[in-house]
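Data first, discussion second: the structure below is written as structure tokens.
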Amino acid sequence: MRLRMSAEVAARMACVACRKARVRRCARIQIPLATPPCPHGGARSTSYHALNSMDIAHDLQVIAAQEHTLVFPQFDADRAWQVGAYLHEVAKARGIPVAIDVRTFGQPLFFSLLDGATPDNIDWVRRKSNTVAHFRRSSYAIGLKLQQAGGTLADKHALAAAEYASHGGAFPLTVAHAGVIGSITVSGLPQRADHELVVEALCAHLGHDYSKLALAKA
């Protein structure tokens, strides 16, 4: 006897097939590959590939150098707008669907949601910036350190996934003689690309050569 498949089950199966068709495989990168929304209404899929321990150690050294170098002599609301607007223009020119957030802790100063970005990106911005606020480090650095340790924010630091994210894209906003006072966050690309877009913008704004601070191409 034939059984008629319900519309809900058919949609779920289509979403699974849709996600599988979009997963890109490569030898040894750890970047989560952001994909377009599923046409059947399913959630975006994310694919992870593990970096080896030497790659992680090298990336952490580079990120530490980025954080040490990319320091503002002073910072105010006008400077926040300039950095945010630069990121917006770069993303718009490249057709990148991202959310952009610049804030001091507890005070949002710039926010932009480009065409194609979603409310989900807004929540990723919030959780990644919370991670910078907690650790005073880039969210990508925290994620790589957790990967080294084989743990998560929940089991290593008792931080809820609903409030914190260890994916790349939030970078500490550091001011000379004041330390980390906030974060600059991008969400919408694979995490490594989110992180590097912020670094590229900070290099342009602060007059540093991005090629000397960039992470290796994955």
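The values are calculated or read from the model by the stated rules, or taken from the named source; none is laboratory data. No experiment lies behind these values; they were computed from the predicted model shown. Every residue, glycine among them, receives a Cβ derived from its backbone with ideal geometry; neighbour counts consider all protein chains shown.
Would you mind finding the one in Val98, Val132 that is of a type outside the set (Asp, Glu), in contact with a Ser or Thr (Cβ under 8 Å, 6 or more places away or on another chain) and within 13 Å of Leu173 (Cα to Cα)? Before the answer, list the steps.
Details: Val98 fails: within 13 Å of Leu173 (Cα to Cα).
Answer to the selection: Val132.
Taken as a whole, the condition of being in contact with a strand residue (DSSP E or B) (Cβ under 7 Å, 6 or more places away or on another chain) and touching a residue at least 60 places away in the same chain (Cβ under 8 Å) does not apply to Ser129.
Applying a threshold of 7 Å to beta carbon distances and a minimum spacing of six or more residues, or different chains, the list of pairs starting in segment 192-218 at a residue that is crowded, with 21+ Cβ neighbours inside 10 Å and ending at one that is at pLDDT below 95 reads Arg192/Ile31; Arg192/Ala218.
Only strands (runs of 3 or more DSSP E) wholly contained in segment 98-179 count here; list those with 3 or more residues that are assigned by TED's automatic domain parsing to the domain that holds Cys203 and crowded, with 24+ Cβ neighbours inside 10 Å. It would help to see each step written out before you state the result.
Details: elements: 99-104, 107-113, 170-175.
Qualifying strands (runs of 3 or more DSSP E): 99-104, 170-175.
When Ala201, Ala149, Ala158 are checked against the criterion of being closer than 15 Å to Leu87 by Cβ and among the aliphatic types (A, V, I, L, M), Ala201 stands alone in meeting it.
Just for segment 180-214: of the residues that are outside any loop (DSSP other than H, G, I, E, B), among the acidic types (Asp, Glu) and out of contact with any Phe, Trp or Tyr (no Cβ under 7 Å at 6 or more places or on another chain), which one is farthest from Thr118 (Cα to Cα)? In this case the residue turns out to be Glu196.
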